[in-house]
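In what follows, a structure is listed as structure tokens, so that the remarks can point back to it.
The values are calculated or read from the model by the stated rules, or taken from the named source; none is laboratory data. Keep in mind it's a predicted model, so treat the numbers as computed, not measured. A quick note on method: Cβ atoms are made from the backbone with ideal geometry, for glycine too, and the neighbour counts reach across all protein chains shown.
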Amino acid sequence: MDLNESYWDNRYKLSDTGWDLGEVSPPLKAYFDQLTNKSLKILIPGGGNSHEAEYLHLKGFENVFVIDLSQTALLNIKTRVPSFPEHHLIHGDFFDINITFDLIIEQTFFCAINPILRTTYAEKAFKMLNTNGKIAGLLFNAPLNKTHPPFGGSKTEYKKYFHPNFDVLLMDESHNSHHSRKGRELFIKIKKK
């Protein structure tokens, strides 16, 4: 299966977005609510309809960026949140951008990429993060699918990808997941070494 721009854009055009909660994910909302630096440069890769970006923007975070292969998904954000800066909506591939950030938010991107790219994701994130930069968010803690997204995994597996370049500050079962994901998510906070 080719998880390319056409694949993802068609999913958004058809509203075939079962991963979209229609709201900010509760664990991420709780995490965002304790952030105090509104000038943090934040990236949400594969952000899709990105209720997380909307939430952060409306809370006054000035430097929230979303990158997605789907032009339709980015248009959905712009239509829903007209005040979101258009130049912060990047139509492109996470693996191709060369911008640095303080924080990368993980919300259903890692599980959507081909699992053979997970080590590459960890290496790319390391390069994209500023000194003391972090990745925070959610990873599925369940096997899920082998042939199509979402691709699952486990804490033990994930630590292998991040261990060389990151200190794992937190990687535990999420206690406040959305009811549809209860018991199947890890909340992660990892810091660039």
Q | Top-ranked residue of region 5-60 - restricted to ones that are of a type in the set (Phe, Trp, Tyr) and over 22 Å from residue 101 (Cβ atoms), ranked as modelled with the lowest pLDDT | A | 19
**Q.** strands (runs of 3 or more DSSP E) fully within region 1-100 counting 1 or more residues that are without any contact (Cβ under 8 Å) to a residue 40 or more places away in the chain and either among the basic types (Lys, Arg) or more than 29 Å from residue 182 (Cβ to Cβ) (or both)
**A.** 63-68, 89-91
Q: Starting from residues that are touching a strand residue (DSSP E or B) at 6+ places or on another chain (Cβ under 8 Å), free of Cβ contacts under 8 Å to residues at least 60 places away in the same chain and closer than 13 Å to residue 110 by Cβ, keep the ones in region 158-193 and report whichever is surrounded by the fewest Cβ atoms within 10 Å (Cβ to Cβ).
A: 171
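When you go through 126, 166 one by one, which is the residue that is more than 14 Å from the chain's Cα centre (by Cα), at pLDDT 95 or above and either closer than 27 Å to residue 2 by Cβ or among the small types (Gly, Ala, Ser) (or both)? So that I can check it myself, show each step before the final result.
Working: 166 fails: either closer than 27 Å to residue 2 by Cβ or among the small types (Gly, Ala, Ser) (or both).
Being more than 14 Å from the chain's Cα centre (by Cα), at pLDDT 95 or above and either closer than 27 Å to residue 2 by Cβ or among the small types (Gly, Ala, Ser) (or both) holds for just one of 126, 166, which is 126.
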Q: Report yes if residue 135 is over 28 Å from residue 171 (Cα atoms), buried (at least 20 other Cβ atoms within 10 Å of the Cβ), in contact (Cβ under 8 Å) with a residue 24 or more places away in the chain and of a type in the set (Val, Ile, Thr), otherwise no.
A: no
